[in-house]
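Enquirer: Questions regarding the structure given below will be posed in turn.
Where a number appears in this text, it was derived from the coordinates with a stated rule and is not lab data. Computed from a predicted model, the values in this text were never measured in an experiment. Glycine also receives a Cβ, built like all others from the backbone with ideal geometry; neighbour counts cover every protein chain displayed.
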Amino acid sequence: MIEVQSLTRVYGDRAVVDDVSFSVRPGRMTGFVGANGAGKTTTMRMIMGVLGPTSGEVRWQGRPITADVRRSFGYMPEERGLYPRMRVHEQLVYFARLHGLSRQDAAARATDLLEHFTLADRGDDQLDDLSLGNQQRVQIAASLIHRPSALVLDEPFSGLDPLAVEAMVDLLRREAKDLPLLFSSHQLDLVERLCDDLVILSGGRLVAAGPVDDLRDQGADRYRVVMDGVDTAWLRDVGGLKVRDVDGPSALVDLDGLSATDLTRLVLDRGPVVEVSRARPPLSEIFKEAVR
């Protein structure tokens, strides 16, 4: 497990990261979100030792992290770090060799990763000859080439088409199913679909962290009402409710003093009922509320 404890990074009189603490647990995808300039990339650089913290520390398996441990991590930086005029397969083998793999194992591993991304026929091409999306795939392959002990990925899905995203998700689930995995993204719909845990930064400070389901449960007490042939616009006149949306026989409401039992009783008295069920807020709404 990666533990970030009170990490702070100060430039001049400005704290870019301010007393941030969270954990990245093995076998769980942790999404790292925040507006531009929130401090995500700086935090990831401190985790990887690219930047030193002004204060605080990073721990691995309950102990202060070391350079040797960091070398076992897979890291995809914000600024991509591949060689543009080097052949793709040769480049992956080179990175694998730096991590101690034999030439034979490195070549087999590189071939396997390129095949997963349907790039096996591009292995002899120079990186610059690939599209930006395919270069992104190679960058991910480079972060996985040595079978890392943890993954820290800065915007790994940026610029990828939907098919490439699915291929990458499949690969991460295969390769990192037992590893701590932290990735940043501005694609909240993707984070919501993939992540077990969520960390939200705003202005360099931690504003929310924890399992996605728990964070969604902390929102408004929201219910979906669906009636059979009855327009639900009448709910707008009911005290103790905040009606968020009405679409004919269906409505989305937040309880604001009224209990769920009272809501159900009122709806049953009004006419035939199809559904009265708890509705969790989307991740985009949790994010907006957290950074407000």
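Enquirer: Spelling out what I want: for every residue of the stretch 283-292, take phi, set θ = phi - 60°, compute 6.51 cos²θ - 1.76 cosθ + 1.60 (Karplus), and round to whole Hz; glycine and proline get x.
Expert: Karplus-based 3J(HN,Hα) across the stretch 283-292 equals 4, 4, 6, 4, 4, 4, 5, 5, 8, 5 Hz.
Enquirer: Which of the three applies to the stretch 51-199, rounded, prolate or oblate, going by the alpha-carbon gyration tensor with a ≥ b ≥ c and a/c under 1.5 meaning rounded?
Expert: Note, shape of the stretch 51-199 comes out oblate.
Enquirer: Something else about it: Report, for the chain, the % of DSSP beta bridges that are antiparallel, rounded to 5. Each step should come with its number before you reach the end.
Expert: On the way: 38 of 54 bridges.
Counting DSSP beta bridges with both partners in the chain, the antiparallel share is about 70 percent.
Enquirer: Still on this structure: Give me the distance in nm between label points sitting 7 Å out from Cα along the Cα-to-Cβ direction at Leu132 and Val169, one decimal.
Expert: According to this spin-label approximation, the distance is 2.2 nm.
Enquirer: When Asp161, Asp196 are ordered from fewest to most other Cβ atoms inside 10 Å of their Cβ, what list results?
Expert: Asp161, Asp196
Enquirer: Next question, about the same structure. What percent do you get for the relative contact order of the stretch 1-101 when only Cα pairs under 8 Å and 6+ apart count?
Expert: Details: 113 pairs, mean separation 27.7, N = 101.
Dividing the mean separation by the residue count of the stretch 1-101 yields 27 percent.
Enquirer: In terms of modelled amide H atoms, which long-range or inter-chain residues lie less than 5 Å from the amide H of Asp125?
Expert: So Asp125 has HN proximity to Val88, His89.
Enquirer: Give me the distance in nm between label points sitting 7 Å out from Cα along the Cα-to-Cβ direction at Thr8 and Gln218, one decimal.
Expert: Rounded to a tenth, the inter-label distance reads 2.2 nm.
Enquirer: OK, next. Would you please give the residues with an amide H less than 5 Å from that of Met29, counting only those at least 5 places away or on a separate chain, with H modeled from the backbone geometry?
Expert: For Met29, the qualifying residues are Asp196, Asp197.
Enquirer: Could you give the distance between the Cα centres of the stretch 201-238 and the stretch 103-156, to the whole Å?
Expert: Result: 40 Å between the Cα centres.
Enquirer: Please list, ordered by chain and number, the residues whose modelled amide H lies under 5 Å from the amide H of Ala208; skip anything fewer than 5 residues away on the same chain.
Expert: Ile200
Enquirer: Students often get this wrong: which residues of the stretch 136-178 have the backbone nitrogen under 12 Å from the point 7 angstrom along Cα-to-C-beta of Val50?
Expert: 152-156
Enquirer: Enter the angle in degrees (range 0 to 90, nearest 10) between the Cα long axis of helix 162-175 and the first principal axis of the Cα atoms of the chain, meaning the one along which they spread out most.
Expert: Between the helix axis and the principal axis of the chain, the angle is about 70 degrees.
Enquirer: Along the stretch 52-58, what does the Karplus equation 6.51 cos²θ - 1.76 cosθ + 1.60 (θ = phi - 60°) give for ³J(HN,Hα), rounded to whole Hz, x for Gly and Pro?
Expert: In residue order, the calculated couplings are x, x, 5, 7, x, 8, 10 Hz.
Enquirer: While we're on this one: So what are the ³J(HN,Hα) numbers for the stretch 104-110, from phi and the Karplus equation (6.51, -1.76, 1.60; θ = phi - 60°), rounded to whole Hz, Gly and Pro as x?
Expert: Karplus values, whole Hz, x for Gly and Pro: 5, 5, 5, 5, 5, 5, 4.
Enquirer: In terms of the Cα gyration tensor, with a ≥ b ≥ c the square roots of its eigenvalues, is the stretch 109-163 rounded because a/c is under 1.5, prolate because a/b exceeds b/c, or oblate?
Expert: Here the stretch 109-163 falls in the oblate category.
Enquirer: Separate question: Sticking with the crude label model, points 7 Å out along Cα→Cβ, report the distance from Asp231 to Arg265 in nm, one decimal please.
Expert: With each label placed 7 Å out from Cα toward Cβ, I get 2.8 nm.
Enquirer: Taking 2.2 N^0.38 Å as the expected size of a compact globular protein, what ratio does the Cα radius of gyration of the chain give against it, to two decimals? Numbers along the way, then the final one.
Expert: Values: Rg = 23.5 Å, N = 292, 2.2 N^0.38 = 19.0 Å.
Compactness ratio reported: 1.24.
Enquirer: Quote the relative contact order of the chain in percent (integer), defining contacts as alpha-carbon pairs under 8 Å separated by 6+ residues. Write out the running numbers ahead of the final one.
Expert: Values: 540 pairs, mean separation 60.8, N = 292.
Contact order relative to length: 21 percent.
Enquirer: Using only the alpha-carbon atoms, how far is helix 132-144 inclined from the longest principal axis of the chain? Give it as 0 to 90 degrees, nearest 10.
Expert: Tilt of helix 132-144: around 80 degrees.
Enquirer: To the nearest 0.05, how large is the calculated FRET efficiency for Thr111 and Arg63 if R₀ is 30 Å and r is the Cβ-Cβ distance?
Expert: 0.25
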